[in-house]
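As C-alpha cells, the structure follows; a few thoughts come after it.
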Amino acid sequence: MRRVIAIAVAGAGVAGCSSFSMDSFKMAAPEVPVQLESVPPGAEAKTSLGPGCRTPCTVSVPAPDSGFSVTFTMDRYLPATIPVQVIRNTGDFNTSPPVVMDPSPVVAELQPAPGAPAPKAVKHMRPKKPKPQKSAAAPAPAAAPATTGSAAFPAPVPGAARQ
C-alpha cells in the first residue's frame, strides 16, 4: 500500500511540474498610447493590432515586439496605411523597457477619390458685432460754449472783478 501512495504522490508531483511555465514570471506587455490624426479629421483609423477610433483620437495598444500599421478610411477619400515602428529602449532590471512609436503622432493626409464630389468648403464667418443698445436716458448733446447771460453760467456781477 505504501508503494501505491508513493507512486500517486510522485505522479501528482510530476503532473504539477508539467503545468509549470516560465510565462508566469514574464512581465505583461505594457499598454502604449498611440495618437492618431488625419487631414481632414473624422476618418476611421484602425490599427493592425485591433483597436481603432475616429480621428483625432488616442488608442492604447499592447506594445508589440515589431512594428504595426494604421489604416485610415473616410467616405470620398482614398484609404491610407501608415507603418509604425516600435523602438524599445533598454530598461532597468525591475522595470519594463520604455517603448517609443515612430511616427508619433501617426498622421495620414487623405487624398480625394477620383470622381468623388469635392468636399463642401467650410465657410468661416466672423461673429457679428453687437449693436449698441439704446438706454432710457440718452446723454444730452454737448452744449455750445456759454455766453454772458446764458442759462448754463450765471451772468457776471458788475464791479466784482475791479476790486
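The values are calculated or read from the model by the stated rules, or taken from the named source; none is laboratory data. Just so you know, these numbers come straight off a predicted model, no measurement behind them. When we count neighbours, we look across all protein chains shown, and the Cβ atoms used for this are built from the backbone with ideal geometry, even at glycine.
Among the residues of segment 70-82, those that are part of a strand (DSSP E or B), of a type outside the set (Val, Ile, Thr) and farther than 10 Å from residue 47 by Cα comprise 77, 80.
Among the residues of this structure, residue 114 counts as one that is at pLDDT 85 or above and farther than 30 Å from residue 34 by Cα.
When residues in segment 27-74 are screened for being over 20 Å from residue 102 (Cβ atoms) and in contact (Cβ under 8 Å) with a residue 24 or more places away in the chain, 7 of them pass.
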